[in-house]
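Input: a single structure, listed below in structure tokens.
The values are calculated or read from the model by the stated rules, or taken from the named source; none is laboratory data. Everything numeric here is computed off the predicted structure, so don't read it as measured data. Here Cβ is always computed from backbone atoms with ideal geometry, including for glycine, and neighbour counts include all displayed protein chains. For the accessible areas, the whole protein counts, side chains as well, though only heavy atoms, and no ligand, DNA or RNA atoms are used. Shrake-Rupley method; radii C 1.70, N 1.55, O 1.52, S 1.80 Å.
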There are 2 protein chains.
Amino acid sequence: MDARIPAGESALDPAVAARLKRDADGLVCAVVQSRAGEVLMVGWMDDEALHRTLTTGRGTYWSRSRQEYWVKGGTSGHVQQVHEVRLDCDGDAVLVTVDQEGPACHTGTRTCFDTDVLLVRDLSPDR
Amino acid sequence: MDARIPAGESALDPAVAARLKRDADGLVCAVVQSRAGEVLMVGWMDDEALHRTLTTGRGTYWSRSRQEYWVKGGTSGHVQQVHEVRLDCDGDAVLVTVDQEGPACHTGTRTCFDTDVLLVRDLSPDR
């Protein structure tokens, strides 16, 4: 069990830490996208998970349900090689571009958004 | 000012509401992607914002800072025509595919992730 490291004790670059706008749990939203453009999953990062993602090049998150750090693919082998990490304009979300090995979703589907479609609307042709 | 509508009073389809896993503030994360594949922004939705998005076809969010509903483009004209809405495997995030009119970011950039690059790593060629 890898216990939570408080933001102030993380080795995350202080210049980056200063730009984060964390939620009440100290987390920012991490949107994970394949280099081909598919949104694969959403995870959550505290300062330390972001630090590990930036320094190891492996997508690393804070599990809100298990209350521990997890490296994507650590048990499944479905690792994420991180290509880019970008912070959004108000500092509460990061976009992580990856090469995803195997399915991104723990259910075995390619993305976590593959199965539950709430709406499809016809629009004018792609533009 | 459009005051918060409690989840139990929203007209959101109860079958959808039952699948949402809301955070402590009653919100799910909304990842907004253009049909071309760009991740444009991250917003937050409560039941009512999701209901309005699904029924009006305009990206509608709950502003955590202003504590009010907002329709993207309501003041800027940079509206989002919603093409698809998908719920993720654990019910705490939706992926909204849109046609975005003009820049998605309130700073005037095309996406909210355009300016603050934390990491770029070389990987093997695109695959």
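Scanning region A:80-111 for residues that are in contact with a strand residue (DSSP E or B) (Cβ under 6 Å, 6 or more places away or on another chain) and under 17 Å from A:Ser34 (Cβ atoms) yields a count of 16. Go through region A:1-20 and give me each residue that's at the interface with chain B (Cβ under 10 Å from one of its Cβ atoms) and β-branched (Val, Ile, Thr). Within region A:1-20, A:Val16 is the sole residue that qualifies. Where strands (runs of 3 or more DSSP E) sit wholly within region A:72-127, those with at least 1 residues that are more than 10 Å from every other protein chain (Cβ to nearest Cβ), crowded, with 21+ Cβ neighbours inside 10 Å and at pLDDT 95 or above occupy A:80-87, A:93-100.
Name the residue that is nearest to the other protein chains (Cβ to nearest Cβ), counting only residues in region A:21-32 that are in contact (Cβ under 8 Å) with a residue 40 or more places away in the chain and either over 27 Å from A:Asp99 (Cα atoms) or open to solvent by 20 Å² or more (accessible area, probe 1.4 Å) (or both). Outline the logic, then answer.
Pass one, region A:21-32, residues in contact (Cβ under 8 Å) with a residue 40 or more places away in the chain: A:21-23, A:28-32.
Subset that is either over 27 Å from A:Asp99 (Cα atoms) or open to solvent by 20 Å² or more (accessible area, probe 1.4 Å) (or both): A:21-23.
Values: A:Lys21: 10, A:Arg22: 12, A:Asp23: 7 Å.
Looking at residues that are in contact (Cβ under 8 Å) with a residue 40 or more places away in the chain and either over 27 Å from A:Asp99 (Cα atoms) or open to solvent by 20 Å² or more (accessible area, probe 1.4 Å) (or both), I get A:Asp23.
In region A:56-71, the residue that is farthest from the other protein chains (Cβ to nearest Cβ) out of those that are surrounded by 16 or more Cβ atoms within 10 Å (Cβ to Cβ) and without any contact (Cβ under 8 Å) to a residue 24 or more places away in the chain is A:Val71.
Scan (1) of a type outside the set (S, T, N, Q); (2) in contact with a Lys or Arg (Cβ under 8 Å, 6 or more places away or on another chain); (3) open to solvent by 40 Å² or more (accessible area, probe 1.4 Å) for the single condition B:Pro14 breaks and write down its number. Failing condition for B:Pro14: (2).
Of B:Asp114, B:Asp122, B:Asp92, B:Asp47, which residue is among the acidic types (Asp, Glu) and touching a Lys or Arg at 6+ places or on another chain (Cβ under 6 Å)? Talk me through it step by step, then tell me what you get.
Working: B:Asp114 fails: touching a Lys or Arg at 6+ places or on another chain (Cβ under 6 Å); B:Asp122 fails: touching a Lys or Arg at 6+ places or on another chain (Cβ under 6 Å); B:Asp47 fails: touching a Lys or Arg at 6+ places or on another chain (Cβ under 6 Å).
So the residue among B:Asp114, B:Asp122, B:Asp92, B:Asp47 that is among the acidic types (Asp, Glu) and touching a Lys or Arg at 6+ places or on another chain (Cβ under 6 Å) is B:Asp92.
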